[in-house]
Amino acid sequence: MWIMLILIFAVMWLFMIRPQRKQQKEMEQFRNSLKKGDKVITAGGIYGTIAEVKDGERYVLLRIDNDVKIKVDKTSLQKDPNAAPAPEAKEKKADEPKKAEEPKEEHKPSKDAKEPKAEKY
């Protein structure tokens, strides 16, 4: 009976607690590595770009529009999934050989086809 109870706890830790801790560590690492120009989303759903980050502070300045900046707590920020990939990834893609594009065929009407006449109203 005790073995079953310990086994259930071990399985629960393995499948629930451990992945959650890993995700928390990743989010903490992301929030500590924020820098100017990173694209983020707030917990409230506001998309923006980091305008200013001060070391040791719990907040960042988030640029929403050209002249609009708001102060946001770091814990409410998430990575923007629609943001462009990091510059390193772009450089790697630039090194890959490009595929040759095939010429597009133009649609030419057959000789028998007649153009429709415009109706007058």
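Brief remarks on what is shown
- Any hit, segment 29-45, residues being at pLDDT 90 or above, under 17 Å from the mean Cα position of the chain (by Cα) and part of a helix (DSSP H, G or I): yes
- Of all residues assigned to segment 17-35, none qualifies as being surrounded by 10 or more Cβ atoms within 10 Å (Cβ to Cβ), touching a strand residue (DSSP E or B) at 6+ places or on another chain (Cβ under 6 Å) and not hydrophobic (A, V, I, L, M, F, W, C).
- Per-region count, segment 29-54, residues free of Cβ contacts under 8 Å to residues at least 12 places away in the same chain and under 17 Å from D65 (Cβ atoms): 1
- Listed conditions (1) more than 19 Å from the chain's Cα centre (by Cα); (2) assigned to a helix (DSSP H, G or I) are all met by K69, apart from (2).
The values are calculated or read from the model by the stated rules, or taken from the named source; none is laboratory data. Because the structure is a prediction, the values reported are computed rather than measured. Ideal geometry is used to build each Cβ from the backbone, glycine not excepted, and the neighbour counts take in all protein chains shown.
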